[in-house]
């Protein structure tokens, strides 16, 4: 459902009435190893569209460097002398050469370096990320994968996992802990990224089409989002 909140192609579903507490855990070959029960408050939480929108806007604003700068008429070089007399020439009246309407003049109301940062309360960020992850679960865009590691960086191993799970488009791997070999293996793949569970943010969740969560990461995320928000 596109509620018009996003200009970047994101959409948040309101279909959160279906319980998805039991999920299949796959191995690297795409086979189902076993089932895993996750808390209903984690996978089936209510999606708060307004909070998600607020968090995404704040995230994008915080990525802006705010270094754009222009010079006003008082800052550009040039004489302040009036170019010609006010009356009697038949031409429009004019001031000095630094006027914004002249070539090489100053810029009227131009940008100056500033901060675009928006400080979002912690509980709002918590609820926004929880809503985004829950929406992925409810739309069957989350896949649980067994904990794995690679002996050495090898991109073909990541491609094999994606093919086994029938995942296309933008995919995010969420790991329980940092793995240099996994990171090096997938960084050459376009639109395939990875992060640890504690570095996950709402923009990455919404930007990717599918999320692959390892068992360890799912347990840690469940523990985080099933605790009272004030803790």
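Given the residues 156, 170, 152, which is the only one that is over 16 Å from residue 38 (Cα atoms) and without any contact (Cβ under 8 Å) to a residue 24 or more places away in the chain?
156
Among the residues of the range 178-220 satisfying the criterion of being assigned to a strand (DSSP E or B) and in contact (Cβ under 8 Å) with a residue 60 or more places away in the chain, which is surrounded by the most Cβ atoms within 10 Å (Cβ to Cβ)?
Looking at residues that are assigned to a strand (DSSP E or B) and in contact (Cβ under 8 Å) with a residue 60 or more places away in the chain, I get 213.
In the range 26-68, what residues are touching a strand residue (DSSP E or B) at 6+ places or on another chain (Cβ under 9 Å) and surrounded by 14 or more Cβ atoms within 10 Å (Cβ to Cβ)?
26, 27, 28, 33, 36, 38, 43
Has the range 123-132 got at least one residue that is exposed (fewer than 14 other Cβ atoms within 10 Å of the Cβ), touching a residue at least 12 places away in the same chain (Cβ under 8 Å), closer than 17 Å to residue 224 by Cβ and out of contact with any helix residue (DSSP H, G or I) (no Cβ under 9 Å at 6 or more places or on another chain)?
Yes: one or more hits.
Is it the case that residue 153 is assigned by TED's automatic domain parsing to the domain that holds residue 53 and surrounded by fewer than 11 Cβ atoms within 10 Å (Cβ to Cβ)?
No.
The values are calculated or read from the model by the stated rules, or taken from the named source; none is laboratory data. Bear in mind the structure is a predicted one, so any value in this text is a computation, not a measurement. Reconstructed Cβ throughout: ideal geometry from the backbone, glycine too, with neighbour counts over all protein chains shown.
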